[in-house]
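The values are calculated or read from the model by the stated rules, or taken from the named source; none is laboratory data. The model shown is predicted, which means the values in this text are computed figures rather than measured ones. In this analysis, Cβ positions are derived from the backbone assuming ideal geometry, glycine residues included, and neighbour counts consider all displayed protein chains. When the accessible area is computed, the model is the full protein with side chains, heavy atoms only, and any ligands, DNA or RNA have been set aside. Shrake-Rupley method; radii C 1.70, N 1.55, O 1.52, S 1.80 Å.
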Amino acid sequence: MRPARLRSCISGPAFLLTGGCTLRGAPAFPIMGAYFPGWMACALIGVATAVGLRVLFLLTGLDALLSFRLFTYVALGVIAALTVWTLVFGP
Amino acid sequence: MQRIPVSSKKPVGIIIAVLCVGAATAFGIHVSHEDSAHPSSDSGIIDAEVVHIASVVGGRLKALNVSVNQRVHKGDALYQIDPEPYELTLRQAKANLDLANAEVENQTRLLSVKTSNAATAGDQVSRAQTNRDLAARTVERLQPLAGKSYIPWQQYDQARVALHDAEISLAQSRIQSTAATTAIGDLKSSIAARDASQAAYDRIRYELRQTTVIAPADGYVTSLRVKVGEVLAPSQSLFTLIADNEWYAMANIREGDLEAVGVGDCVTVHSMIDRNTPIRGHVQSIGWGVLSMDSSGIARSLPLVPRQMDWVHVAQRFPVRIRLEKANPLLLRLGATATVEVRHGAACP
């Protein structure tokens with residue numbers, strides 16, 4: 001089962017880079033005449049999410065509670081990337 | 001300014017870290033399984049069947065009714081080869097056929113003449129038989145008379161000679177009758193000659209028809225680069241027709257994912273000409289063989305085995321053929337890049 005309505009609502013910097021909310025089409029993105037696979041966009045979103053969460057947690061003070069920050073932020077980025085993949089490309 | 005230690009041993013932080021890493025690992029395994037169960041490929045191509053248009057007869061290109069990239073319909077006349085040589089040959093074959101027909105009629109007349117001759121010879125036999133019987137009866141009657149000298153011996157002798165003559169005449173007429181019957185013969189050879197001429201005539205007529213080339217299917221003309229006047233050899237291809245009635249997508253799927261691909265499975269295909277329009281298709285077949293570098297070599301020769309020590313082997317991929325349903329013709333161009341999603345995607349809810 002796939003929540004199709006979520007797909008049109010997702011937006012973010014990476015989506016703007018790849019041509020706005022056009023992720024409903026093929027799982028490959030044309031950039032300067034070359035097709036990049038969808039999972040690459042997901043990986044970029046994961047990296048961006050990890051960095052964004054780090055900044056957010058530093059500003060809100062949540063960061064002080066964490067230990068093993070590298071693993072935590074990497075894991076959060078991975079979860080974000082896999083979530084996007086599941087919603088957009090997943091079966 | 002407060003310093004934040006890199007790794008402070010706070011139990012809450014450790015719990016959060018373990019939870020996050022555990023969730024990411026479990027989610028990763030789940031996504032990996034999902035990906036294997038629903039194979040996809042972004043290196044597919046749009047494919048169609050092609051016909052190399054050629055005529056089985058050769059000659060000078062006299063009329064060309066199509067131009068490159070034009071759409072044609074099944075039955076349209078595509079081009080014509082100069083029919084004159086074939087028309088002349090057809091006339092020759094027609095004359096041969098008429099000759100053979102006339103020969104059959106001639107032989108029929110001859111046959112009836114020979115049949116009459118044989119009948120006449122048969123009548124001759126019965127006449128000679130009657131004459132011989134008469135001569136034999138005469139000899140029989142004269143024999144006792146001549147024995148008692150009631151008639152001259154000369155008369156009896158003449159009757160015996162006449163009988164001998166009549167016997168020879170009968171034997172000769174029998175031989176003649178047999179010869180005349182044998183000479184009747186039949187029409188087999190002239191009929192066979194006529195059939196051969198008819199076949200030659202039909203063959204030339206077929207060749208004359210083949211000087212006009214008809215489109216075998218709806219499609220698009222490609223690779224046409226010649227004009228009227230080109231001389232074509234028999235069976236020389238003039239251009240390629242891309243058949244438009246069926247379109248396919250060919251996607252290479254890794255062997256490990258093939259068990260998740262079944263014939264008839266719904267497939268979402270995106271032609272990269274417009275990556276926002278999904279095309280629905282169904283798996284038609286999965287390729288049964290690809291050429292492998294490890295099994296190459298000339299047949300009947302020794303196997304070619306490269307010396308190597310590979311520890312990592314890249315998965316082989318097999319072509320999966322997907323038959324597309326009706327789609328916008330502008331999206332379907334042979335060789336266009338396509339992404340293929342088996343049993344998921346926008347076209348397979």
(message) Can you tell me which condition B:ALA347 does not meet? The list is (1) within 14 Å of another protein chain (Cβ to nearest Cβ); (2) without any contact (Cβ under 8 Å) to a residue 24 or more places away in the chain, and all the others hold.
(response) (2)
(request) Would you check if B:GLN92 is more than 13 Å from chain A (Cβ to nearest Cβ), of a type outside the set (Lys, Arg) and over 27 Å from B:THR240 (Cβ atoms)? (result) yes
(request) Output yes when any residue across region B:129-151 is over 60 Å from the mean Cα position of the chain (by Cα), assigned to a helix (DSSP H, G or I) and aromatic (Phe, Trp, Tyr), and no when none is. (result) no
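Counting just the residues of region B:216-257 that are acidic (Asp, Glu) and closer than 19 Å to B:ALA77 by Cβ, which one comes out most open to solvent (accessible area, probe 1.4 Å)? Quick ask: steps written out before the conclusion?
Residues of region B:216-257 that are acidic (Asp, Glu), as a first pass: B:218, B:230, B:244, B:246, B:255, B:257.
From what is left, the residues that are closer than 19 Å to B:ALA77 by Cβ are B:218, B:230, B:244.
On the way: B:ASP218: 50, B:GLU230: 69, B:ASP244: 30 Å².
Filtering first and then ranking leaves B:GLU230.
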(request) Give the residues of region B:1-36 that are farther than 23 Å from B:THR337 by Cα, at pLDDT below 90 and small (Gly, Ala, Ser), sorted by residue number. (result) B:SER7, B:SER8, B:GLY13
(message) I'd like to verify a number: residues in region A:66-91 that are open to solvent by less than 80 Å² (accessible area, probe 1.4 Å) and either of a type outside the set (A, V, I, L, M) or touching a Lys or Arg at 6+ places or on another chain (Cβ under 7 Å) (or both), how many?
(response) 13
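Just give me the residues in region A:23-42 being among the aliphatic types (A, V, I, L, M), more than 9 Å from chain B (Cβ to nearest Cβ) and buried (at least 17 other Cβ atoms within 10 Å of the Cβ), in sequence order.
At the first step, the residues of region A:23-42 found to be among the aliphatic types (A, V, I, L, M) are A:23, A:26, A:28, A:31-32, A:34, A:40-41.
Among the residues that remain, those that are also more than 9 Å from chain B (Cβ to nearest Cβ) are: A:23, A:31-32, A:34, A:40-41.
Matches in region A:23-42: A:LEU23, A:ALA41.
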(message) Take B:ALA54 and tell me if it is more than 30 Å from B:ALA338 (Cα to Cα) and open to solvent by less than 20 Å² (accessible area, probe 1.4 Å).
(response) no
(request) Give the number of residues within region A:43-56 that are open to solvent by 80 Å² or more (accessible area, probe 1.4 Å) and either within 11 Å of another protein chain (Cβ to nearest Cβ) or basic (Lys, Arg) (or both). (result) 1
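Conditions tested, residue by residue: (1) closer than 22 Å to A:GLY25 by Cα; (2) more than 10 Å from chain A (Cβ to nearest Cβ); (3) within 28 Å of the chain's Cα centre (by Cα).
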| site | (1), (2), (3) |
| --- | --- |
| B:PHE27 | no, no, no |
| B:GLU34 | yes, no, no |
| B:ALA37 | yes, no, no |
| B:ASP42 | yes, no, no |
| B:ASP47 | yes, yes, yes |
| B:GLY59 | no, yes, yes |
| B:LEU64 | no, yes, yes |
| B:ARG71 | no, yes, yes |
(request) Determine whether region B:34-50 contains at least one residue that is under 24 Å from B:PRO234 (Cβ atoms) and in contact with a Ser or Thr (Cβ under 7 Å, 6 or more places away or on another chain). (result) yes
(request) Taking A:ARG2 as the residue in question, decide whether it is surrounded by 17 or more Cβ atoms within 10 Å (Cβ to Cβ) and either touching a Leu at 6+ places or on another chain (Cβ under 8 Å) or modelled with pLDDT of 90 or more (or both). (result) no
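What do you reckon, is B:ILE151 open to solvent by less than 80 Å² (accessible area, probe 1.4 Å) and in contact with a strand residue (DSSP E or B) (Cβ under 9 Å, 6 or more places away or on another chain)?
On the way: open to solvent by less than 80 Å² (accessible area, probe 1.4 Å): yes; in contact with a strand residue (DSSP E or B) (Cβ under 9 Å, 6 or more places away or on another chain): no.
No; evaluated as a whole, the condition is false for this residue.
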(message) Can you tell me which condition B:VAL263 does not meet? The list is (1) touching a Gly at 6+ places or on another chain (Cβ under 7 Å); (2) β-branched (Val, Ile, Thr); (3) more than 18 Å from A:PRO30 (Cβ to Cβ), and all the others hold.
(response) (1)
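Rundown of residues vs (1) within 11 Å of chain A (Cβ to nearest Cβ); (2) out of contact with any Asp or Glu (no Cβ under 9 Å at 6 or more places or on another chain), yes/no style:
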site	(1), (2)
B:ASP265	no, yes
B:LEU291	no, yes
B:VAL305	no, no
B:HIS313	no, yes
B:PHE318	no, no
B:ASN328	no, no
B:THR337	yes, no
